Amino acid sequence: MGSDTGEAPVAPAVAERLRITEIFHSIQGEADAIGWRTVFVRLTGCPLRCVWCDTEYSFHGGQWHAIDDILAEVARHGAHHVCVTGGEPLAQKRCLILLRRLCEAGYEVSLETSGALDVSAVDPRVRKVMDLKAPDSGESARNLWSNLEHLLPHDQVKIVIASRVDYEWARDVVAEHALDRRCMVLFSPVHGAVQPRDLAEWIIADRLPVRFQLQLHKLLWNDAAGH
Ligand code: SF4
């Protein structure tokens with residue numbers, strides 16, 4: 001924009017900041033990129049309150065970081081994969097800028113999102129790992145169903161399952177929306193709520209076109225923050 005518009009210039013250092021809970025280097029514990037060395041950028045804040053949430057420490061606090069500084073910190077770890085997570089990262093609008101900048105820098109970028117906020121403006125190079133909230137989460141009324149239209153073949157839908165009721169809900173949602181024809185569908189048991197083997201056997205019995213997953217980071221580090 002030329003200076004003849006009379007508009008005051010926006011200072012990029014102020015405009016392009018995000019509130020960050022942590023940036024850490026670990027192994028991706030779930031979804032399509034499982035097992036890859038990955039830098040995680042955890043944005044602060046979430047408008048949801050899932051009963052079984054395991055990242056409540058990201059709801060508040062955090063520190064403001066310029067997007068340039070976030071990119072520099074990510075680069076320091078020398079990993080090809082970057083996962084932007086939360087909280088709900090899309091609750092901060094400038095998350096979209098961070099995602100684009102990470103893609104431009106050549107990373108394989110994934111975004112973990114609740115499914116409650118609009119994903120339509122996410123850079124198409126980003127692999128979205130989008131939750132659909134089952135009833136036992138307490139947040140299933142927040143599912144933004146129009147998001148399904150914005151899923152690309154490289155994206156993933158993840159349903160976290162805490163009970164047989166959740167499982168049947170998930171099974172029906174997959175069938176009703178033909179989710180498996182849109183992208184990969186992941187079913188994941190809530191740690192300590194449903195026996196992983198039960199969930200695996202339900203999937204087999206019903207011949208579902210979904211991928212069972214356990215969270216590798218919970219096995220490796222028992223869910224300690226920073227992993
Ligand atoms: S959307 Fe994610 S971060 Fe937010 S409450 Fe639910 S599980 Fe926790």
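Bear in mind that the values in this text are calculations on the coordinates, not laboratory data. Because the structure is predicted, anything quoted here is derived from the model rather than measured. Using ideal geometry, Cβ is built from the backbone for each residue, glycine included, and neighbour counts are taken over all protein chains shown.
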Residue count for the stretch 57-92, restricted to those that are within 7 Å of the ligand (Cβ to nearest atom) and either surrounded by fewer than 14 Cβ atoms within 10 Å (Cβ to Cβ) or under 13 Å from the mean Cα position of the chain (by Cα) (or both): 3
Residues that are closer than 26 Å to His154 by Cβ and either touching a residue at least 60 places away in the same chain (Cβ under 8 Å) or assigned to a loop (DSSP other than H, G, I, E, B) (or both), drawn from the stretch 40-64: Cys46, Leu48, Cys50, Asp54, Thr55
Breaking point among (1) crowded, with 20+ Cβ neighbours inside 10 Å; (2) more than 9 Å from the ligand (Cβ to nearest atom); (3) without any contact (Cβ under 8 Å) to a residue 60 or more places away in the chain, for Leu18: (3)
Please determine, by comparing only the residues of the stretch 93-140 that are among the β-branched types (Val, Ile, Thr) and buried (at least 18 other Cβ atoms within 10 Å of the Cβ), which one is nearest to the ligand (Cβ to nearest atom). Thr113
In the stretch 197-212, is there at least one residue being under 21 Å from Cys53 (Cβ atoms) and under 20 Å from the mean Cα position of the chain (by Cα)? no
List the number of the failed condition for Ser146; all other conditions in (1) closer than 18 Å to Ala91 by Cα; (2) away from the ligand (no atom under 16 Å from the Cβ); (3) within 16 Å of the chain's Cα centre (by Cα) hold. (3)
Tell me, which residue of the stretch 42-53 that is of a type outside the set (A, V, I, L, M, F, W, C) and farther than 15 Å from Phe24 by Cβ is nearest to the ligand (Cβ to nearest atom)? Arg49
Filter the stretch 185-195 for residues that are crowded, with 20+ Cβ neighbours inside 10 Å and more than 13 Å from Gln215 (Cα to Cα); the one that is nearest to the chain's Cα centre (by Cα) is Val185
Kindly establish whether Val165 is β-branched (Val, Ile, Thr) and surrounded by fewer than 19 Cβ atoms within 10 Å (Cβ to Cβ). yes
